[in-house]
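Reviewing the structure listed below.
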Amino acid sequence: MDYAFLTGTVLVAGVVFAIVAQWRDWRPPIIVAVVVGVAVRALLLFTAANGKWQPVDFVESFKPAGEAVLNGKDPVLASEGGWHFLPTIPYVYGILLWFGIPWEYAGRLVTVVADIVLIPLVAKLAGGPKASLRALQYALNPLALLVACIHGQVEPVALVFGVAAFVVARGPGSPERAGISTQVVARVRRGVTAYGWRTAAYRVLGPGGLLRRALTAGPTDRADLKRAALAGLLMGLALCAKSWPIWLVPGMLLLLPHLRARVAALFVTGLVPLFFLVTLPVFAGTSLQQIPEVIKTIQDIRPIVGEWGWTPWYTNGEWALRPDLAKFGTNLIYACVIGVIFLWRRADPIDMTTAILLIFMVVTPRLGAQYLLWFMPFLIARPTRFAWPAILGASAWAAYGYVYMTQFDVNTWWAMHSDWSRASIVLLPVLLVAMPWGRRVATGVTAPAVSTGKARVTSAV
(Lines give C-alpha, C1' and ligand atoms only; values in the text may rest on other atoms or scores of the structure.)
Protein backbone atom coordinates (compact mmCIF):
# COMPACT_ATOMS: atom_id res chain seq x y z
CA MET A 1 0.00 0.00 0.00
CA ASP A 2 1.61 3.24 -1.15
CA TYR A 3 -0.71 5.46 0.92
CA ALA A 4 -0.18 3.75 4.27
CA PHE A 5 1.22 6.77 6.14
CA LEU A 6 -1.71 9.04 5.31
CA THR A 7 -4.22 6.27 6.04
CA GLY A 8 -2.61 5.43 9.38
CA THR A 9 -2.47 9.08 10.39
CA VAL A 10 -6.16 9.59 9.63
CA LEU A 11 -7.15 6.44 11.53
CA VAL A 12 -5.12 7.31 14.64
CA ALA A 13 -6.33 10.91 14.64
CA GLY A 14 -9.93 9.70 14.36
CA VAL A 15 -9.51 7.30 17.29
CA VAL A 16 -7.99 10.02 19.47
CA PHE A 17 -10.78 12.42 18.60
CA ALA A 18 -13.46 9.80 19.32
CA ILE A 19 -11.93 8.96 22.73
CA VAL A 20 -11.61 12.64 23.66
CA ALA A 21 -15.24 13.14 22.63
CA GLN A 22 -16.19 10.30 24.97
CA TRP A 23 -14.08 11.72 27.79
CA ARG A 24 -15.37 15.29 27.41
CA ASP A 25 -18.92 14.11 26.65
CA TRP A 26 -19.15 16.10 23.43
CA ARG A 27 -22.58 16.00 21.83
CA PRO A 28 -22.32 17.85 18.52
CA PRO A 29 -25.32 18.17 16.19
CA ILE A 30 -25.89 15.16 13.96
CA ILE A 31 -25.03 17.24 10.89
CA VAL A 32 -21.54 17.84 12.32
CA ALA A 33 -20.97 14.09 12.71
CA VAL A 34 -22.15 13.51 9.14
CA VAL A 35 -19.92 16.28 7.74
CA VAL A 36 -16.90 14.88 9.61
CA GLY A 37 -17.71 11.40 8.32
CA VAL A 38 -18.09 12.62 4.73
CA ALA A 39 -14.80 14.56 4.86
CA VAL A 40 -12.76 11.67 6.23
CA ARG A 41 -14.28 9.13 3.84
CA ALA A 42 -13.85 11.41 0.82
CA LEU A 43 -10.16 11.84 1.64
CA LEU A 44 -9.52 8.12 2.02
CA LEU A 45 -11.63 7.27 -1.03
CA PHE A 46 -9.66 9.65 -3.23
CA THR A 47 -6.34 8.39 -1.85
CA ALA A 48 -7.22 4.71 -2.25
CA ALA A 49 -8.68 5.12 -5.73
CA ASN A 50 -5.52 6.83 -6.96
CA GLY A 51 -3.09 4.49 -5.23
CA LYS A 52 -1.05 1.83 -6.98
CA TRP A 53 -2.08 -0.87 -4.51
CA GLN A 54 -5.60 -2.26 -4.79
CA PRO A 55 -7.11 -5.16 -2.79
CA VAL A 56 -7.02 -8.44 -4.69
CA ASP A 57 -10.70 -9.34 -4.36
CA PHE A 58 -11.70 -5.75 -5.14
CA VAL A 59 -10.05 -6.14 -8.55
CA GLU A 60 -10.44 -9.85 -9.26
CA SER A 61 -13.92 -10.57 -7.81
CA PHE A 62 -15.94 -7.37 -7.41
CA LYS A 63 -14.91 -5.72 -10.67
CA PRO A 64 -15.69 -8.77 -12.90
CA ALA A 65 -19.13 -8.99 -11.25
CA GLY A 66 -19.89 -5.39 -12.19
CA GLU A 67 -18.51 -5.84 -15.70
CA ALA A 68 -20.65 -8.95 -16.15
CA VAL A 69 -23.82 -6.96 -15.42
CA LEU A 70 -22.62 -4.21 -17.76
CA ASN A 71 -22.27 -6.83 -20.50
CA GLY A 72 -25.66 -8.42 -19.80
CA LYS A 73 -24.28 -11.55 -18.15
CA ASP A 74 -24.96 -13.26 -14.84
CA PRO A 75 -22.43 -11.86 -12.30
CA VAL A 76 -22.35 -15.06 -10.24
CA LEU A 77 -21.51 -17.33 -13.17
CA ALA A 78 -19.64 -14.93 -15.44
CA SER A 79 -17.20 -13.87 -12.72
CA GLU A 80 -16.03 -17.51 -12.35
CA GLY A 81 -17.49 -17.95 -8.89
CA GLY A 82 -15.88 -14.80 -7.53
CA TRP A 83 -19.25 -13.41 -6.46
CA HIS A 84 -21.06 -15.73 -4.05
CA PHE A 85 -24.08 -13.56 -3.29
CA LEU A 86 -27.23 -12.35 -5.00
CA PRO A 87 -26.52 -9.93 -7.88
CA THR A 88 -28.02 -6.86 -6.18
CA ILE A 89 -24.71 -5.06 -5.55
CA PRO A 90 -23.27 -5.97 -9.00
CA TYR A 91 -26.35 -4.29 -10.50
CA VAL A 92 -25.22 -1.06 -8.83
CA TYR A 93 -21.63 -1.66 -9.92
CA GLY A 94 -22.82 -2.10 -13.50
CA ILE A 95 -24.84 1.14 -13.44
CA LEU A 96 -21.87 3.14 -12.14
CA LEU A 97 -19.56 1.60 -14.75
CA TRP A 98 -22.16 2.38 -17.43
CA PHE A 99 -21.92 6.04 -16.42
CA GLY A 100 -18.20 5.84 -17.17
CA ILE A 101 -16.97 6.11 -13.58
CA PRO A 102 -13.56 4.41 -13.21
CA TRP A 103 -13.76 1.17 -11.24
CA GLU A 104 -11.38 2.36 -8.51
CA TYR A 105 -14.01 4.99 -7.66
CA ALA A 106 -17.19 3.16 -8.67
CA GLY A 107 -16.46 0.08 -6.56
CA ARG A 108 -15.91 2.19 -3.45
CA LEU A 109 -18.72 4.70 -3.97
CA VAL A 110 -21.27 2.00 -3.15
CA THR A 111 -19.74 1.21 0.22
CA VAL A 112 -18.73 4.76 1.15
CA VAL A 113 -22.21 6.17 0.55
CA ALA A 114 -23.74 3.34 2.58
CA ASP A 115 -21.27 3.97 5.41
CA ILE A 116 -22.14 7.67 5.44
CA VAL A 117 -25.85 6.89 5.73
CA LEU A 118 -24.99 4.62 8.67
CA ILE A 119 -23.78 7.62 10.70
CA PRO A 120 -27.24 9.13 11.42
CA LEU A 121 -28.72 5.63 11.63
CA VAL A 122 -26.36 4.82 14.50
CA ALA A 123 -27.69 7.93 16.24
CA LYS A 124 -31.26 6.71 15.67
CA LEU A 125 -30.31 3.27 16.96
CA ALA A 126 -28.73 4.77 20.08
CA GLY A 127 -31.44 7.30 20.89
CA GLY A 128 -31.28 9.36 24.05
CA PRO A 129 -29.13 12.41 24.82
CA LYS A 130 -25.87 10.83 23.61
CA ALA A 131 -27.14 9.88 20.16
CA SER A 132 -25.04 12.50 18.37
CA LEU A 133 -21.91 11.41 20.25
CA ARG A 134 -22.46 7.84 19.07
CA ALA A 135 -22.89 9.08 15.50
CA LEU A 136 -19.59 10.98 15.70
CA GLN A 137 -17.81 7.93 17.10
CA TYR A 138 -19.06 5.76 14.26
CA ALA A 139 -18.08 8.48 11.75
CA LEU A 140 -14.49 8.09 12.98
CA ASN A 141 -14.49 4.32 13.48
CA PRO A 142 -11.20 3.08 11.98
CA LEU A 143 -12.54 -0.31 10.90
CA ALA A 144 -15.48 1.27 9.08
CA LEU A 145 -13.05 3.57 7.24
CA LEU A 146 -10.83 0.66 6.24
CA VAL A 147 -13.65 -1.58 5.04
CA ALA A 148 -15.64 1.09 3.19
CA CYS A 149 -12.90 3.32 1.74
CA ILE A 150 -9.88 1.05 1.32
CA HIS A 151 -11.18 -2.48 0.82
CA GLY A 152 -14.55 -1.65 -0.75
CA GLN A 153 -16.15 -4.66 0.96
CA VAL A 154 -19.96 -4.57 0.94
CA GLU A 155 -20.45 -4.96 4.70
CA PRO A 156 -21.58 -1.30 5.02
CA VAL A 157 -24.32 -1.93 2.44
CA ALA A 158 -25.65 -4.92 4.38
CA LEU A 159 -25.39 -2.93 7.62
CA VAL A 160 -27.14 0.19 6.34
CA PHE A 161 -30.22 -1.82 5.42
CA GLY A 162 -30.00 -4.00 8.54
CA VAL A 163 -29.69 -1.08 10.96
CA ALA A 164 -32.43 0.80 9.10
CA ALA A 165 -34.68 -2.25 9.57
CA PHE A 166 -34.05 -2.07 13.33
CA VAL A 167 -34.87 1.64 13.44
CA VAL A 168 -38.10 1.15 11.48
CA ALA A 169 -39.12 -1.94 13.48
CA ARG A 170 -38.69 -0.11 16.76
CA GLY A 171 -40.94 2.65 15.53
CA PRO A 172 -41.57 6.06 17.08
CA GLY A 173 -41.60 6.76 20.78
CA SER A 174 -39.05 5.57 23.30
CA PRO A 175 -35.59 5.16 21.74
CA GLU A 176 -34.99 1.94 23.65
CA ARG A 177 -37.80 -0.62 23.77
CA ALA A 178 -37.93 -4.13 25.01
CA GLY A 179 -39.75 -6.65 22.87
CA ILE A 180 -43.48 -6.98 23.34
CA SER A 181 -42.71 -10.53 24.46
CA THR A 182 -41.72 -9.05 27.83
CA GLN A 183 -45.29 -7.86 28.31
CA VAL A 184 -46.78 -11.13 27.06
CA VAL A 185 -44.64 -13.17 29.43
CA ALA A 186 -45.64 -10.90 32.31
CA ARG A 187 -49.34 -11.39 31.51
CA VAL A 188 -49.01 -15.16 31.27
CA ARG A 189 -47.11 -15.29 34.56
CA ARG A 190 -49.83 -13.24 36.26
CA GLY A 191 -52.40 -15.66 34.86
CA VAL A 192 -50.47 -18.68 36.09
CA THR A 193 -50.00 -17.22 39.54
CA ALA A 194 -53.61 -16.18 39.99
CA TYR A 195 -55.54 -18.94 38.27
CA GLY A 196 -53.25 -21.89 37.55
CA TRP A 197 -51.91 -23.36 34.31
CA ARG A 198 -55.26 -24.32 32.77
CA THR A 199 -56.73 -20.86 33.17
CA ALA A 200 -53.49 -19.29 31.95
CA ALA A 201 -53.58 -21.43 28.83
CA TYR A 202 -57.18 -20.36 28.22
CA ARG A 203 -56.15 -16.70 28.52
CA VAL A 204 -53.55 -17.27 25.82
CA LEU A 205 -55.35 -19.68 23.47
CA GLY A 206 -59.05 -19.13 24.18
CA PRO A 207 -61.52 -16.74 22.50
CA GLY A 208 -60.39 -13.20 23.13
CA GLY A 209 -57.02 -14.48 24.39
CA LEU A 210 -53.58 -13.10 23.65
CA LEU A 211 -53.10 -15.25 20.52
CA ARG A 212 -56.49 -14.33 19.04
CA ARG A 213 -55.89 -10.64 19.66
CA ALA A 214 -52.44 -10.96 18.10
CA LEU A 215 -53.98 -12.42 14.94
CA THR A 216 -56.79 -9.86 14.69
CA ALA A 217 -55.87 -6.56 13.06
CA GLY A 218 -57.36 -3.31 14.25
CA PRO A 219 -56.66 0.23 13.01
CA THR A 220 -53.42 0.55 14.95
CA ASP A 221 -52.42 -2.99 13.98
CA ARG A 222 -52.59 -2.05 10.30
CA ALA A 223 -50.11 0.74 10.96
CA ASP A 224 -47.90 -1.79 12.73
CA LEU A 225 -48.16 -4.13 9.74
CA LYS A 226 -47.05 -1.36 7.38
CA ARG A 227 -44.07 -0.69 9.63
CA ALA A 228 -43.31 -4.41 9.77
CA ALA A 229 -43.47 -4.71 5.98
CA LEU A 230 -41.04 -1.81 5.58
CA ALA A 231 -38.68 -3.32 8.16
CA GLY A 232 -38.88 -6.65 6.34
CA LEU A 233 -38.17 -4.96 3.01
CA LEU A 234 -35.04 -3.34 4.44
CA MET A 235 -33.85 -6.57 6.05
CA GLY A 236 -34.49 -8.40 2.78
CA LEU A 237 -32.27 -5.90 0.98
CA ALA A 238 -29.59 -6.48 3.62
CA LEU A 239 -29.75 -10.20 2.81
CA CYS A 240 -29.47 -9.37 -0.89
CA ALA A 241 -26.14 -7.68 -0.21
CA LYS A 242 -24.74 -10.58 1.83
CA SER A 243 -26.09 -13.62 3.62
CA TRP A 244 -24.79 -12.90 7.13
CA PRO A 245 -27.59 -10.40 8.10
CA ILE A 246 -29.66 -13.52 8.85
CA TRP A 247 -28.23 -13.06 12.37
CA LEU A 248 -30.02 -9.70 12.60
CA VAL A 249 -33.48 -11.10 11.90
CA PRO A 250 -34.34 -12.31 15.46
CA GLY A 251 -33.66 -8.86 16.95
CA MET A 252 -35.70 -7.10 14.27
CA LEU A 253 -38.66 -9.42 14.83
CA LEU A 254 -38.59 -8.91 18.61
CA LEU A 255 -38.72 -5.14 18.13
CA LEU A 256 -42.08 -5.46 16.40
CA PRO A 257 -45.17 -5.19 18.62
CA HIS A 258 -47.12 -8.39 17.96
CA LEU A 259 -47.25 -11.74 16.18
CA ARG A 260 -48.98 -10.50 13.02
CA ALA A 261 -46.33 -7.83 12.52
CA ARG A 262 -43.55 -10.36 12.99
CA VAL A 263 -45.07 -12.79 10.50
CA ALA A 264 -45.49 -9.98 7.96
CA ALA A 265 -41.90 -8.81 8.43
CA LEU A 266 -40.53 -12.34 8.11
CA PHE A 267 -42.55 -12.94 4.95
CA VAL A 268 -41.34 -9.74 3.26
CA THR A 269 -37.75 -10.41 4.39
CA GLY A 270 -37.77 -13.70 2.51
CA LEU A 271 -39.67 -12.32 -0.45
CA VAL A 272 -37.06 -9.71 -1.38
CA PRO A 273 -34.13 -12.11 -2.01
CA LEU A 274 -36.52 -14.42 -3.83
CA PHE A 275 -37.50 -11.53 -6.12
CA PHE A 276 -33.87 -10.86 -7.08
CA LEU A 277 -33.34 -14.56 -7.68
CA VAL A 278 -36.35 -15.19 -9.95
CA THR A 279 -35.74 -11.97 -11.93
CA LEU A 280 -32.23 -13.03 -12.95
CA PRO A 281 -33.45 -13.90 -16.48
CA VAL A 282 -34.81 -10.34 -16.81
CA PHE A 283 -31.98 -8.26 -15.34
CA ALA A 284 -28.90 -10.46 -15.70
CA GLY A 285 -29.58 -12.52 -18.80
CA THR A 286 -29.55 -15.77 -16.82
CA SER A 287 -31.37 -18.66 -18.45
CA LEU A 288 -33.91 -20.59 -16.41
CA GLN A 289 -31.70 -23.67 -16.67
CA GLN A 290 -28.83 -21.75 -15.04
CA ILE A 291 -30.74 -20.67 -11.92
CA PRO A 292 -30.03 -23.95 -10.03
CA GLU A 293 -26.34 -23.47 -10.85
CA VAL A 294 -26.51 -19.90 -9.52
CA ILE A 295 -28.10 -21.11 -6.28
CA LYS A 296 -25.42 -23.79 -5.92
CA THR A 297 -22.64 -21.23 -6.46
CA ILE A 298 -24.14 -18.86 -3.90
CA GLN A 299 -24.40 -21.67 -1.34
CA ASP A 300 -20.94 -23.08 -2.12
CA ILE A 301 -18.72 -21.69 0.62
CA ARG A 302 -15.35 -23.38 0.70
CA PRO A 303 -14.23 -24.47 4.20
CA ILE A 304 -11.18 -22.18 4.26
CA VAL A 305 -9.97 -21.61 7.82
CA GLY A 306 -6.83 -20.23 9.45
CA GLU A 307 -7.39 -16.48 9.31
CA TRP A 308 -8.78 -15.73 12.75
CA GLY A 309 -9.37 -16.99 16.27
CA TRP A 310 -8.79 -20.60 17.25
CA THR A 311 -8.35 -22.23 13.81
CA PRO A 312 -4.95 -20.62 12.93
CA TRP A 313 -3.45 -22.64 15.77
CA TYR A 314 -4.44 -25.80 13.89
CA THR A 315 -3.16 -24.55 10.51
CA ASN A 316 0.07 -22.84 11.63
CA GLY A 317 -1.47 -19.49 10.74
CA GLU A 318 -2.03 -20.38 7.08
CA TRP A 319 -5.21 -20.67 5.04
CA ALA A 320 -6.28 -24.28 4.74
CA LEU A 321 -9.22 -26.29 3.44
CA ARG A 322 -10.26 -28.05 6.64
CA PRO A 323 -13.86 -29.35 6.41
CA ASP A 324 -13.51 -30.91 9.87
CA LEU A 325 -12.71 -27.59 11.56
CA ALA A 326 -15.25 -25.72 9.46
CA LYS A 327 -18.04 -28.17 10.32
CA PHE A 328 -17.21 -28.18 14.02
CA GLY A 329 -17.01 -24.38 14.08
CA THR A 330 -20.30 -23.99 12.21
CA ASN A 331 -22.10 -26.27 14.67
CA LEU A 332 -20.47 -24.37 17.52
CA ILE A 333 -21.85 -21.11 16.09
CA TYR A 334 -25.38 -22.50 15.96
CA ALA A 335 -25.19 -23.82 19.51
CA CYS A 336 -23.76 -20.59 20.91
CA VAL A 337 -26.26 -18.38 19.08
CA ILE A 338 -29.14 -20.46 20.44
CA GLY A 339 -27.63 -20.11 23.91
CA VAL A 340 -27.30 -16.34 23.52
CA ILE A 341 -30.90 -16.00 22.35
CA PHE A 342 -32.00 -17.93 25.44
CA LEU A 343 -29.86 -15.90 27.84
CA TRP A 344 -30.84 -12.55 26.31
CA ARG A 345 -34.48 -13.47 25.59
CA ARG A 346 -35.73 -10.79 28.00
CA ALA A 347 -33.17 -8.17 26.96
CA ASP A 348 -33.56 -5.25 24.61
CA PRO A 349 -33.45 -6.80 21.12
CA ILE A 350 -30.53 -4.55 20.19
CA ASP A 351 -28.50 -5.93 23.09
CA MET A 352 -29.44 -9.47 22.08
CA THR A 353 -28.26 -8.76 18.53
CA THR A 354 -24.97 -7.35 19.81
CA ALA A 355 -24.46 -10.50 21.86
CA ILE A 356 -25.22 -12.73 18.84
CA LEU A 357 -22.73 -10.93 16.62
CA LEU A 358 -19.99 -10.90 19.25
CA ILE A 359 -20.35 -14.59 20.10
CA PHE A 360 -20.15 -15.32 16.37
CA MET A 361 -16.75 -13.57 16.26
CA VAL A 362 -15.55 -15.53 19.28
CA VAL A 363 -16.34 -19.05 18.00
CA THR A 364 -16.32 -18.76 14.19
CA PRO A 365 -13.79 -20.98 12.40
CA ARG A 366 -13.38 -18.57 9.46
CA LEU A 367 -13.44 -14.80 9.21
CA GLY A 368 -12.30 -11.92 7.03
CA ALA A 369 -11.25 -8.71 8.73
CA GLN A 370 -14.35 -7.01 7.30
CA TYR A 371 -16.59 -9.31 9.37
CA LEU A 372 -15.52 -7.42 12.49
CA LEU A 373 -17.57 -4.48 11.25
CA TRP A 374 -20.80 -6.40 11.81
CA PHE A 375 -21.14 -5.55 15.49
CA MET A 376 -19.67 -2.04 15.37
CA PRO A 377 -22.88 0.03 14.82
CA PHE A 378 -24.70 -1.90 17.57
CA LEU A 379 -21.86 -1.80 20.09
CA ILE A 380 -21.18 1.88 19.44
CA ALA A 381 -24.87 2.76 19.71
CA ARG A 382 -25.27 0.90 23.02
CA PRO A 383 -21.76 0.53 24.46
CA THR A 384 -20.97 -1.92 27.22
CA ARG A 385 -18.30 -1.63 29.90
CA PHE A 386 -15.65 -3.22 27.69
CA ALA A 387 -16.93 -1.88 24.37
CA TRP A 388 -13.94 0.32 23.67
CA PRO A 389 -11.28 -2.37 24.28
CA ALA A 390 -13.21 -4.53 21.79
CA ILE A 391 -13.59 -1.71 19.25
CA LEU A 392 -9.96 -0.62 19.46
CA GLY A 393 -8.59 -4.17 19.59
CA ALA A 394 -10.52 -5.35 16.53
CA SER A 395 -9.64 -2.16 14.64
CA ALA A 396 -5.94 -2.41 15.50
CA TRP A 397 -5.76 -6.06 14.40
CA ALA A 398 -7.49 -5.28 11.11
CA ALA A 399 -5.40 -2.15 10.50
CA TYR A 400 -2.19 -4.13 10.97
CA GLY A 401 -3.29 -6.40 8.12
CA TYR A 402 -4.70 -3.68 5.90
CA VAL A 403 -2.06 -0.98 6.35
CA TYR A 404 1.21 -2.44 7.66
CA MET A 405 1.41 -5.91 6.11
CA THR A 406 0.58 -4.58 2.63
CA GLN A 407 3.91 -2.70 2.61
CA PHE A 408 5.79 -5.89 1.84
CA ASP A 409 6.13 -8.38 -1.00
CA VAL A 410 3.98 -11.49 -1.23
CA ASN A 411 6.44 -13.86 0.50
CA THR A 412 6.98 -11.47 3.40
CA TRP A 413 3.23 -10.93 3.67
CA TRP A 414 2.62 -14.65 4.03
CA ALA A 415 5.36 -14.97 6.64
CA MET A 416 3.80 -12.14 8.66
CA HIS A 417 0.32 -13.57 8.13
CA SER A 418 1.20 -16.62 10.19
CA ASP A 419 1.82 -14.55 13.33
CA TRP A 420 -0.92 -12.02 12.60
CA SER A 421 -3.67 -14.60 12.26
CA ARG A 422 -2.59 -16.52 15.37
CA ALA A 423 -2.37 -13.30 17.38
CA SER A 424 -6.10 -12.74 16.84
CA ILE A 425 -6.83 -15.28 19.59
CA VAL A 426 -5.94 -12.56 22.10
CA LEU A 427 -9.06 -10.67 21.03
CA LEU A 428 -11.49 -13.51 21.70
CA PRO A 429 -11.76 -12.95 25.49
CA VAL A 430 -11.97 -9.19 24.88
CA LEU A 431 -14.95 -9.65 22.57
CA LEU A 432 -16.47 -12.10 25.04
CA VAL A 433 -16.39 -9.66 27.97
CA ALA A 434 -17.65 -6.86 25.70
CA MET A 435 -21.00 -8.65 25.36
CA PRO A 436 -23.87 -6.91 27.23
CA TRP A 437 -23.76 -9.27 30.19
CA GLY A 438 -25.27 -6.69 32.52
CA ARG A 439 -28.26 -6.10 30.24
CA ARG A 440 -29.71 -9.58 29.86
CA VAL A 441 -33.02 -8.30 31.20
CA ALA A 442 -34.54 -5.07 29.91
CA THR A 443 -35.11 -2.72 32.82
CA GLY A 444 -37.27 0.37 33.07
CA VAL A 445 -40.81 1.47 33.65
CA THR A 446 -43.95 0.51 31.82
CA ALA A 447 -46.03 3.43 30.69
CA PRO A 448 -49.25 3.51 28.68
CA ALA A 449 -49.06 4.69 25.10
CA VAL A 450 -51.58 7.53 24.84
CA SER A 451 -52.68 6.90 21.26
CA THR A 452 -53.21 3.13 21.44
CA GLY A 453 -53.73 2.26 25.05
CA LYS A 454 -50.92 -0.28 24.80
CA ALA A 455 -48.11 -0.67 27.28
CA ARG A 456 -44.59 0.26 26.29
CA VAL A 457 -41.46 -0.91 28.04
CA THR A 458 -38.43 1.32 28.13
CA SER A 459 -35.09 -0.33 28.76
CA ALA A 460 -32.31 1.56 30.44
CA VAL A 461 -29.02 2.06 28.66
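Taking the numbered list (1) open to solvent by less than 10 Å² (accessible area, probe 1.4 Å); (2) at pLDDT below 95 in turn, Trp344 passes all entries but (2). Considering the conditions (1) under 25 Å from Val160 (Cα atoms); (2) more than 17 Å from the chain's Cα centre (by Cα); (3) modelled with pLDDT of 95 or more, Leu373 is excluded by exactly one of them, (2). In the condition set (1) without any contact (Cβ under 8 Å) to a residue 40 or more places away in the chain; (2) within 25 Å of Ile19 (Cα to Cα), Leu358 is compliant with all but (1).
Where residues in segment 344-370 are in a loop (DSSP other than H, G, I, E, B) and either under 14 Å from the mean Cα position of the chain (by Cα) or not acidic (Asp, Glu) (or both), which of them is nearest to Leu133 (Cα to Cα)? Checked segment 344-370; the qualifying residue nearest to Leu133 (Cα to Cα) is Ala347. One residue stands out among those in segment 23-34 that are more than 11 Å from Pro120 (Cβ to Cβ) and assigned to a helix (DSSP H, G or I): the one that is most open to solvent (accessible area, probe 1.4 Å), which is Trp23.
Residue by residue, here is whether (1) part of a loop (DSSP other than H, G, I, E, B); (2) free of Cβ contacts under 8 Å to residues at least 60 places away in the same chain; (3) out of contact with any Cys (no Cβ under 9 Å at 6 or more places or on another chain) holds:
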| residue | (1), (2), (3) |
| --- | --- |
| Phe5 | no, yes, yes |
| Leu11 | no, no, yes |
| Val36 | no, no, yes |
| Arg41 | no, no, no |
| Gly51 | yes, yes, yes |
| Gln54 | yes, yes, yes |
| Gly72 | yes, no, yes |
| Tyr91 | no, no, yes |
| Leu97 | no, yes, yes |
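Mind checking which residues of segment 143-174 are farther than 22 Å from Gly236 by Cβ and open to solvent by 10 Å² or more (accessible area, probe 1.4 Å)? His151, Pro172, Gly173, Ser174, listed by residue number.
Among the numbered conditions (1) surrounded by 21 or more Cβ atoms within 10 Å (Cβ to Cβ); (2) modelled with pLDDT of 95 or more; (3) assigned to a helix (DSSP H, G or I), the only one that Ile425 does not meet is (1).
Of all residues in segment 376-390, those satisfying the criterion of being part of a helix (DSSP H, G or I) and under 15 Å from the mean Cα position of the chain (by Cα) are Met376, Pro377, Phe378, Leu379, Ile380, Ala381.
For Leu133, the test of being at pLDDT 95 or above and out of contact with any Ser or Thr (no Cβ under 6 Å at 6 or more places or on another chain) is passed. When Phe85, Phe99 are screened for being within 22 Å of Ala165 (Cα to Cα) and open to solvent by 50 Å² or more (accessible area, probe 1.4 Å), only Phe85 passes.
On inspection, Val294 fails the criterion of being without any contact (Cβ under 8 Å) to a residue 40 or more places away in the chain, in a helix (DSSP H, G or I) and open to solvent by less than 30 Å² (accessible area, probe 1.4 Å). Residue-level analysis places Ile338 among those that are of a type in the set (Val, Ile, Thr), part of a helix (DSSP H, G or I) and open to solvent by 40 Å² or more (accessible area, probe 1.4 Å). Given the criteria open to solvent by less than 10 Å² (accessible area, probe 1.4 Å) and within 20 Å of the chain's Cα centre (by Cα), does Ala399 qualify? Here the answer is no, as Ala399 does not meet what is asked. Within segment 124-135, restricting attention to residues that are surrounded by fewer than 24 Cβ atoms within 10 Å (Cβ to Cβ) and under 16 Å from Pro172 (Cβ atoms), the residue that is farthest from the chain's Cα centre (by Cα) is Gly128. Residues in segment 299-318 that are free of Cβ contacts under 8 Å to residues at least 60 places away in the same chain, more than 25 Å from the chain's Cα centre (by Cα) and open to solvent by 70 Å² or more (accessible area, probe 1.4 Å): Tyr314 only. Would you confirm whether or not segment 373-394 contains a residue that is open to solvent by less than 50 Å² (accessible area, probe 1.4 Å) and among the basic types (Lys, Arg)? Within segment 373-394, one or more residues are open to solvent by less than 50 Å² (accessible area, probe 1.4 Å) and among the basic types (Lys, Arg). Check whether at least one residue in segment 215-222 is modelled with pLDDT of 90 or more and β-branched (Val, Ile, Thr), and report yes or no. No; the residues of segment 215-222 include none that is modelled with pLDDT of 90 or more and β-branched (Val, Ile, Thr). If the condition is being open to solvent by less than 30 Å² (accessible area, probe 1.4 Å) and closer than 30 Å to Val168 by Cα, then segment 278-291 contributes Thr279, Leu280. Are any of the residues in segment 257-275 open to solvent by 10 Å² or more (accessible area, probe 1.4 Å) and either over 19 Å from Gly232 (Cβ atoms) or aromatic (Phe, Trp, Tyr) (or both)? The answer is yes; a qualifying residue exists. Per the listing Ala13, Ala4, the residue uniquely of a type in the set (A, V, I, L, M), farther than 30 Å from Tyr91 by Cα and either in contact with a His (Cβ under 9 Å, 6 or more places away or on another chain) or at pLDDT below 95 (or both) is Ala4.
The values are calculated or read from the model by the stated rules, or taken from the named source; none is laboratory data. If you're wondering where the values come from, they're calculated on a predicted model, not measured in any experiment. Note that we place each Cβ from the backbone using ideal geometry, even for glycine, and neighbour counts take in every protein chain shown. Surface accessibility is based on the protein's heavy atoms, side chains included, excluding ligands, DNA and RNA. Shrake-Rupley method; radii C 1.70, N 1.55, O 1.52, S 1.80 Å.
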